[in-house]
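Structure first, commentary second.
What follows is calculated from the coordinates using simple rules that are stated; it is not laboratory data. Note that the coordinates shown come from a computational prediction; the quantities given were computed from them, not determined experimentally. When we count neighbours, we look across all protein chains shown, and the Cβ atoms used for this are built from the backbone with ideal geometry, even at glycine.
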Amino acid sequence: MDQSRRKFLEGAAGLGALALAGGALAQDKPAAKPDSAPPPGTIPNEVVKREKNPAMEYHSERPLTGSVPAHHHDFDVTPNDRMFIRNNLLTPDLDAAQHRLTIRGLVDRELSFSVEELKKAFPVITTQAMLECAGSGRTAFVPRASGTTWSPTGGMGCPMWTGVRLADLLRAAGLKANAAHVAGQGGDPGIVPTAPPVIRSIPMRKAMEEHTLVAWEMNGTPLPKVHGFPLRLVVPGWVGSASIKWLHTLSVLDAPFKGTYMDDSYRIPRYPVEPGTRMPPDAVSTEDWPVKSIITYPAPNARFKGSAPIPVRGRAWVGEGHVTRVEISVDEGKTWQRARLAPRGDKYAWRTFTFEYQPERFGYVTFLARAWDDRGNVQPIVPPWNPLGYFWNGIHRVGVIVEA
Amino acid sequence: MRPEFAFASTAAAIAAAAVFTLARAQSESLVSGPGVGLAREKCQVCHELGHITRSRLSREEWSDNLHRMRQRGAQFDDREFAILLDYLAAYYGRDPAPPPAPDTLAAGAQGGDAVAGLLQTHACSACHAPDKRLVGPSFREVAQRYAGDAGAPRRLAQRIRTGSQGVWGPVPMPPAAAISDAELATLVEWVLSQK
């Protein structure tokens, strides 16, 4: 156990005793909201939500999950207050001054860094990069799949991240010949003592990719507590769970990590399966997101007066590779017209697309957007159902009202 | 290789569990039916019951789900797994659910009507439940504490008849003076058989 970890445990134990004493006292005077009792060593949900946009829709409190709908994502760079929240456990209250990151396993030398040491040891990189929960859009699957009820457009964001390359850390530690996967472990505590820690691994090709970061800043400010303060992995374009928050240990392995967050979740059938059936044995680990887009302006059911052109805007992305084309249909998919794509920015940043619609009639008008990637993939008409409801990338449709 | 990860289970987590268990919301409700008490007890330690009420899954999917929850730290044995699976598959399945029914486990009828009647008559149920702590320990906790203890039936019978205090906490258990020897034997046997 490293020093910061021990400190965390000691501190947490002390806080625990205090909180229990407080809990006993509180029984004399019943609290208005019983669930607001802050678990020791963690940040209460109410405090997390204070820093979040009012447009956030919370899908569950334990664990805390939330996102803003597509029309609240109308930004080239996702602001901190609109970044989605997907915890597996509780939000820990970690001390940056005490926190350490340890790299061990199949390395020549085990390394350990404080946050400040990390900032000085390697080149500091800032890049805009996409993170999206594997289950983003899950509620669009029919029949309903098991898991957090992300709305069809919820559970993603594309902020700026600042940190060091994971590759630089791994090179400094020196990789053994059989090093093949890198597992990150988060310091988020479970509600029950039997809860295993959140550990996920990524293959070495992604670990060594130059945009895979150990980050401490989001949009130029220290990571918000709920987004992994003081350190997190950023594994851009891949399922969000790969980007371990509250990172304190990196372990270099010769095979994928074995654990519940690898073997029971974040898996998808190799080929589509009959909807409503269980996970087949030949399922694979979820990695990069397929090509996807959302319309971020106008909002659903927005009203427009007269015959002035209506601007349509959105964002398009793909986990690996890049978006080559976004098309808009105003006739429910019979014909498609090309939207204008903003120049390519950082490798894993989403791309803004714009389209100008000249109304041809009054009434309810719909826009469909679909994106293509450089491998010739296009958003499917109906994404394949899978037992855990991952990778929803169906075509987003927004309707508006044109009035006289 | 086997990485030596520090286990995240901490004193903080234990304390958090205690706080959450005390504070869990009462407003969420599951459909009443056999096993609902167990589902309420086991599931909402870690998450709100909305995770269940909004779900409609096949029996096979619920089975995988329960397996996953067990891997995530939920504590239930194979018998409880079966009860939970029957409950979830019946009331939160993809097929239409049956009408609500009494939770036979919580009502104590699991051991037969005789036991259920005794629990009512002697007011045991006012303070004890099969699988969760009310004023006193759950019957299951009692059974677990005395598992393999040959002297337990005699001591337990004595405490039920004359009352007891200090074994599980400061709250006294009043005596069940009117209970017959046969009834006492039935109750003790049933309590100690709870798992």
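Under the combined filter of DSSP loop state and at most 10 neighbouring Cβ atoms within 10 Å, segment A:271-344 retains none of its chymotrypsin sites (Phe, Trp or Tyr not before Pro). For segment A:79-86, 3J(HN,Hα) computed residue by residue from phi via the Karplus equation (6.51, -1.76, 1.60; θ = phi - 60°) reads x, 3, 6, 10, 5, 5, 10, 9 Hz, glycine and proline entered as x. Principal axis extents of the Cα atoms in segment B:127-192, from largest to smallest and rounded to whole angstrom, are 27, 26, 18.
If you sort the three axes of the alpha carbon gyration tensor as a ≥ b ≥ c, you get a/c of 1.5 or more for segment A:219-268 and a/b above b/c, which makes it prolate.
Once you divide the Cα radius of gyration of segment A:166-283 by 2.2 N^0.38 Å, the number left is 1.16.
Across segment A:3-285, how many lysine pairs, 8 or more apart or on two chains, come within less than 16 Å at their alpha-carbon atoms?
On the way: A:LYS33/A:LYS49; A:LYS49/A:LYS225; A:LYS52/A:LYS225; A:LYS225/A:LYS245.
Counting lysine pairs in segment A:3-285 gives 4.
The GluC sites (Glu not before Pro) of segment A:173-219 that meet both conditions, a loop assignment by DSSP and at most 13 other Cβ atoms within 10 Å of the site Cβ, are A:GLU210. Amide H contacts under 5 Å for A:THR296: A:ARG313, A:GLY314, A:ARG315, restricted to partners 5 or more places along the chain or on a different chain, H placed in the peptide plane at 1.01 Å from N. Once the Cα-Cα distance is subtracted from the 0.36 nm per residue extended length, the A:GLU332 to A:ASN301 segment shows a gain of 9.5 nm.
As a proxy for reagent exposure, A:GLU51, A:GLU61 were ordered by neighbouring Cβ count within 10 angstrom, fewest first; the result is A:GLU51, A:GLU61.
At 37 °C and a viscosity of 0.692 mPa s, what translational diffusion coefficient does Stokes-Einstein give for segment A:228-308, taking Rh as the Kirkwood radius over Cα pairs? Give it in µm²/s as a whole number. List each step's numbers first, then the result.
Working: Rh = 16.7 Å.
The estimated diffusion coefficient comes to 197 µm²/s.
Within the listed set A:ASP264, A:ASP168, A:ASP288, the Gaussian network model of chain A (springs between alpha-carbon atoms below 10 Å) gives the highest mean-square fluctuation for A:ASP264.
Would you mind getting me the FRET efficiency between B:ALA82 and A:ALA96? Use the beta-carbon distance for r and R0 = 51 Å, nearest 0.05. Efficiency for this residue pair is about 0.60. Divide the volume of the convex hull around the Cα atoms of the protein assembly as shown by the residue count and you get 181 Å³ per residue. Along its first, second and third principal axes, ordered by size, segment A:298-404 spans 44, 35, 22 Å in Cα coordinates.
Computed from backbone phi, the HN-Hα couplings of segment B:166-171 come to x, 6, 10, x, x, 6 Hz, rounded to whole numbers (Karplus: 6.51 cos²θ - 1.76 cosθ + 1.60, θ = phi - 60°; Gly and Pro given as x). Here the calculated FRET efficiency for B:ALA101 and B:ARG59, from their Cβ-Cβ distance with R0 = 22 Å, stands at 0.80, rounded to the nearest 0.05. For B:SER164, nonlocal amide neighbours, meaning residues 5 or more places apart or on other chains whose placed amide H falls under 5 Å from its own, are B:MET173. Distance between the 7 Å Cα→Cβ label points at A:ILE401 and B:VAL171: 5.6 nm.
A crude spin-label estimate for the pair B:THR162 and B:ALA150, with each label 7 Å from Cα along the Cβ direction, gives 2.3 nm. Comparing A:GLY190, A:GLY66, A:GLY306 in a Gaussian network model of chain A, where Cα atoms under 10 Å apart are tied by springs, the biggest mean-square fluctuation is seen for A:GLY306. Karplus-based coupling profile of segment A:240-246, in residue order and whole Hz: x, 5, 5, 8, 3, 8, 6, with θ = phi - 60° in 6.51 cos²θ - 1.76 cosθ + 1.60 and x standing for Gly or Pro.
Model label points for A:VAL124 and B:LEU134, set 7 angstrom from Cα along the Cα-to-Cβ axis, are 6.1 nm apart.
Can you list the GluC sites (Glu not before Pro) in segment A:267-375 that are in a DSSP coil and have 14 or fewer other beta carbons within 10 angstrom? Intermediate values should be presented prior to the final figure.
Numbers: sites: A:GLU287, A:GLU320, A:GLU327, A:GLU332, A:GLU356, A:GLU360; in loops: A:GLU287, A:GLU320, A:GLU332, A:GLU360.
Answer in residue order: A:GLU332, A:GLU360.
When Rg and the Kirkwood Rh are both derived from Cα coordinates, the Rg/Rh ratio for segment A:3-285 amounts to 0.97.
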